[in-house]
1. Where the centroid of each part is defined by its Cα atoms, how far is region B:34-76 from region A:40-66 in Å?
2. Treating the point 7 Å from Cα along Cα-beta-carbon as the label, what are the nm separations from residue A:116 to the other copies, to one decimal?
3. Run lengths n ≥ 4 of DSSP H only: what is the helix-derived mean residue ellipticity at 222 nm for chain A, with -39500 (n - 2.57) per run over all residues, to the nearest 500?
4. If you look for lysine pairs in the protein assembly as shown that are eight or more places apart or on different chains, how many of them have Cα atoms under 19 Å apart?
5. Can you give me the span-like helices of chain A, meaning DSSP H runs with 18 Å or more of Cα extent along the axis and Kyte-Doolittle mean at or above -1.0?
6. Test of understanding: express the Cα radius of gyration of region B:121-178 as a ratio to 2.2 N^0.38 Å, with N the residue count.
7. Run the Debye formula on the Cα coordinates of region A:29-178, all scatterers equal and no solvent, and tell me log10 I(q)/I(0) at q = 0.17, 0.20 1/Å.
8. In terms of modelled amide H atoms, which long-range or inter-chain residues lie less than 5 Å from the amide H of residue B:161?
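Taken together, the values in this text are just the output of simple stated rules run on the coordinates, not laboratory data. Every value quoted in this text rests on a predicted model; they were computed, and no experiment measured them. Please note: Cβ atoms are built from the backbone with ideal geometry, for glycine as well, and neighbour counts cover all protein chains shown.
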There are 2 protein chains.
Amino acid sequence: MAKEQTLDNLWLAQTLFDLGGVQFGNFTVSESAVSSPVFVNPKVLISNPTALRVASKLMQQEINLAQSLRRARAHPFAVVAGVPVGGLLLATAFSLETNIPMIYARVRPEGTGKRGIEGRFNVGDAALIIDDLITRGSSVLETAELLEENSLKVKDVIVLVDREHGATERLRRRQLSA
Amino acid sequence: MAKEQTLDNLWLAQTLFDLGGVQFGNFTVSESAVSSPVFVNPKVLISNPTALRVASKLMQQEINLAQSLRRARAHPFAVVAGVPVGGLLLATAFSLETNIPMIYARVRPEGTGKRGIEGRFNVGDAALIIDDLITRGSSVLETAELLEENSLKVKDVIVLVDREHGATERLRRRQLSA
C-alpha cells in the first residue's frame, strides 16, 4: 500500500514534468513576489485526465491515512471546497470519485458575480479545502475566511504541491492543518 | 435509447430544481441586463456529484448523436475547453468520463494570472467549448476568440442550459454551431 502510493507519487511527478508542468529558470512566484528557480504548474494535469484522476486519488489516500491514525491528523468533512481555479479542477475530480458534494468560495468574483459560496451546505458543515498549489497560503486563508463567514467549519486543507514558502506555518497559526 | 435520454433529462431537471438551481421571481440576468422571471443556476449540480456526472453524460450523448448524423451537426475535436468557472466544472466531468484532454481560456484572469490558455494543445487542434449556461453568448464568444488567437479551431459549442436570449443566433453569425 505504502509502496504503491510512492509509485503513484513518482508517476504523477514524472507525468507533470512530461506535460511541461515543471520549469527551471528564475521566476517570481504569485502574490508574494518570492523568487524561485523552479516553476510548478499543476493545472497542466487537465491535459491528461488519467493524471488528474490519479492526483485526486493520492489526495484521498492522504486524507484517509490522516483520518485513520490513532491521533487523527484530519477531521471528518461533509463537503470539499475547491479554491478557484486550479483547486476546483482537482476538487471536481475528488468529488466525482468519492461522491462527496463540492462547494466553492468566490472570494473575488468576476463581472456580475457576487462574493459568496457556490453550491449547497448546511450551517456548521465541515469543509475540506482543496488546492493545487500553495506558496504562502493567501488564497487558502481567504477561502477559509469566507467559508467561516458563511458558518462552515474549516479544519483541514490539502494541496497537491507545497512550494514550501511558509504556507504550512501561516495556516497553523490560524488553527488549520495542511 | 432516445427514451432513456428523455428520462435522464427529466431526472436532471428535477434534481436541479430540488437543489434550488431554479428560482422564480424577477431577475436581471448577467451582462445583458435582460430581465427574466426564471433564474437558473446549473452550478449547484456540484452539490450532487451523480447529477454532475449525468449532466456530462447527457452532453456526450448529444455530441455523439450530432456527430453520427449523416449530415453531421458537430465536428470531431481533440480537446474540450471549459468556460470558467461554471463550464469548467462540467468540462472536467466530461474530460474525466471520456478521457479527452481539457484546456481553458483565461479571458479575464484574476490577480497575477496572464490572459491565455491553460493546458496543452497542438496548433490547429479542434476544441469543443463547454459551458453550463448561455444567455446572450458573450462569454462563449470571448472564449472562442481567445482560442482562435492561439491557433485552435472552434466549430462547436455545447451548453447545458440555453436561456434563449439570442445566443444561438449570435454564435451562428460567427459560424459556431451550438
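1. 25 Å
2. 3.5
3. On the way: 5 runs with 69 residues, N = 178.
That calculation yields -12500 deg cm²/dmol at 222 nm.
4. Numbers: A:3/A:57; A:43/A:57; A:43/B:114; A:114/B:43; B:3/B:57; B:43/B:57.
Here the count comes out as 6.
5. Working: long enough: A:2-18 (24 Å, -0.33); A:49-68 (28 Å, -0.12); A:86-98 (19 Å, 1.16).
Within chain A the helices that satisfy the rule are A:2-18, A:49-68, A:86-98.
6. Working: Rg = 11.0 Å, N = 58, 2.2 N^0.38 = 10.3 Å.
Working it through for region B:121-178, the quotient is 1.06.
7. -0.99, -1.37
8. Here B:133, B:134 satisfy the definition.
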